[in-house]
1. Are any of the residues in segment 308-321 within 15 Å of ligand 1 (Cβ to nearest atom), of a type outside the set (S, T, N, Q) and assigned to a loop (DSSP other than H, G, I, E, B)?
2. Please return the ranges of helices (runs of 4 or more DSSP H) entirely within segment 166-250 where 3 or more residues are of a type in the set (A, V, I, L, M) and within 16 Å of ligand 1 (Cβ to nearest atom).
3. Does segment 182-200 include one or more residues that are in the same structural domain as Tyr255 (by TED's automatic domain parsing) and surrounded by fewer than 21 Cβ atoms within 10 Å (Cβ to Cβ)?
4. Inspect segment 50-66 for any residue being assigned by TED's automatic domain parsing to the domain that holds Ala324, in contact (Cβ under 8 Å) with a residue 60 or more places away in the chain and over 30 Å from Val293 (Cβ atoms) and give the result as yes or no.
5. Quick check, is Leu291 in contact with a helix residue (DSSP H, G or I) (Cβ under 7 Å, 6 or more places away or on another chain), in a loop (DSSP other than H, G, I, E, B) and aliphatic (A, V, I, L, M)?
6. Quick one: how many residues across segment 294-307 are of a type in the set (Val, Ile, Thr) and in a helix (DSSP H, G or I)?
7. Considering segment 96-116 alone, what residues qualify as being more than 16 Å from ligand 1 (Cβ to nearest atom), among the hydrophobic types (A, V, I, L, M, F, W, C) and surrounded by fewer than 23 Cβ atoms within 10 Å (Cβ to Cβ)?
8. Give the residues of segment 204-261 that are touching a residue at least 24 places away in the same chain (Cβ under 8 Å), charged (D, E, K, R) and within 30 Å of Pro307 (Cα to Cα), sorted by residue number.
Amino acid sequence: MNRFLDLAEFPREQVKDLLGLAARLQDTPQPQALAGKVLGLLFLNPSLRTLASFQSAMMRLGGTAVVITPGQGTWQMETRSGAIMNGAAAEHVREAVPVLASYCDAIGIRMFAEGRNLAADLAETGFRMMADLCDKPLVNMESAMAHPCQALADWHTMDELRVPDRGKFVLSWANHPRALPLAVPSSTVHMAAMRGMEVVVLRPEGFALPDPVMEKARQAAKASGGSVRETDNRAEALEGAHVIYAKEWGSPQHYGDDEADKRLREYLSDWCIKESWFKVADPSCHFMHCLPVRRNVAVADEVLDGPRSVVIREAFNRMVVQMAVLYRLLRG
Ligand SMILES: CC(=O)N[C@@H](CCCN)C(=O)O
Ligand SMILES: NC(=O)OP(=O)(O)O
C-alpha cells in the first residue's frame, strides 16, 4: 500500500486487515515502529481532529510530523494552473508539494472541494493535481469527494460497538447555515455499503446526493451483500435504525449557488436531530457525526450530551486507524 486516497481503491478484505492492525496497535503499542520517519501534513483548509490525530498517531509510533498551514506562518499558496501570481499567494503548490515531499517519508494533504463546479469536484481535479506532484506515500486528509480516514474510523467505531454488519445505517442530512462539502456524506454512504449494511440516505427534497455518489455506494453494496436507498420519509427511514449518522451538505442541485441553496433551507430548521428522532429506532441505536458540529442547528444538545452519542469515540478512533494507515504506508 503506498496511497490511501479512497476506501473504494481497496478490496473489503484489505480494509478489514487495516482495521485488524488498528485494533492490535491499540492493544499493544509499538512506540518505535516508525522511529526516524517524518510525515508532512499540508492543510489547505482548517482542522482540529485530522491535524491533532495525525500528529499524535505519528508520535505514538516513534515518528514525527511537520505541519504546513499556508497563510499561517507559511507562504500563501496558489493552486490554480496557469495563474498569474500577482495576488496574495507567494508560492505555487507545484513547488511547495515536491519540496515538502523531499523532506518527508509520507505526505498527507487536505484540500476541500472548490464548491463551484460539481463535475470538476466529482472528478477530484484539485486533489489529483496535488497527488501528481507528490512522489511519496500519500494520505487523503479530506478531498472534494472523499474522507477515507473518517470512513475507516467510523467503521472501526461500529465494530467496537458491535453494530451488526447487516444493521440499518441511516445517513441523515442536517441543517447548517451554509452549504458544506459532499466529501463526508459520500465517503460515509460508501463505507456503510461496503460494510454490508442496509443504508438509507434520509434527506429533504433538493439534497439528493449526486448520482455517481449513489452509484458508487450501490456497487459496494452489491459486492458486500448490503443495500443503498434514499428517501425523504423520516419515520420510515428511522424505523429500526442501528445508527443515525448526521451530516450537513449543500444542495447538489444548486451547487456553487449559495443564495439558491440558502433559500432551499429556509424551511428546513426542523432538520436538527433531536432525541425524538430515536423513538422508532432500534433501542441500541447510536448517534454518529464526524465533527465539528453546530449545536442546536444540526444536532440538539440533548443528543450530543446523551448516552447514544459516540462522537468523541469516533474522533479518538481517527488516531487509532491512522496509526494503522501510517504503519502500512511506511513499513508495509
Ligand atoms: C464545518 C465544515 O466545514 N465541515 C467540513 C469538514 C468536516 C470534517 N472534516 C465538511 O463538512 O466537509
Ligand atoms: N472530522 C474531521 O475531519 O475533523 P477536522 O475537520 O477537525 O479534522
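The values are calculated or read from the model by the stated rules, or taken from the named source; none is laboratory data. As the structure is a prediction and not an experimental result, all values here were calculated from the model. Cβ: placed from backbone, ideal geometry, glycine included. Neighbour counts: every protein chain shown.
1. Checked segment 308-321: no residue is within 15 Å of ligand 1 (Cβ to nearest atom), of a type outside the set (S, T, N, Q) and assigned to a loop (DSSP other than H, G, I, E, B).
2. Where helices (runs of 4 or more DSSP H) fall fully within segment 166-250 and carry at least 3 residues being of a type in the set (A, V, I, L, M) and within 16 Å of ligand 1 (Cβ to nearest atom), they are 183-195.
3. So in segment 182-200, the residues in the same structural domain as Tyr255 (by TED's automatic domain parsing) come out as 182-200.
Among the residues that remain, those that are also surrounded by fewer than 21 Cβ atoms within 10 Å (Cβ to Cβ) are: 196, 198.
Yes, segment 182-200 has at least one match.
4. Among the residues of segment 50-66, at least one is assigned by TED's automatic domain parsing to the domain that holds Ala324, in contact (Cβ under 8 Å) with a residue 60 or more places away in the chain and over 30 Å from Val293 (Cβ atoms), which makes the answer yes.
5. Values: in contact with a helix residue (DSSP H, G or I) (Cβ under 7 Å, 6 or more places away or on another chain): yes; in a loop (DSSP other than H, G, I, E, B): yes; aliphatic (A, V, I, L, M): yes.
Taking the combined requirement at face value, the residue satisfies it.
6. The number of residues fulfilling the criteria is 1.
7. Those that are more than 16 Å from ligand 1 (Cβ to nearest atom), among the hydrophobic types (A, V, I, L, M, F, W, C) and surrounded by fewer than 23 Cβ atoms within 10 Å (Cβ to Cβ): Ala96, Val99, Leu100, Ala101, Cys104.
8. Arg229, Glu230, Asp232, Arg234, Glu239, Lys247, Glu248
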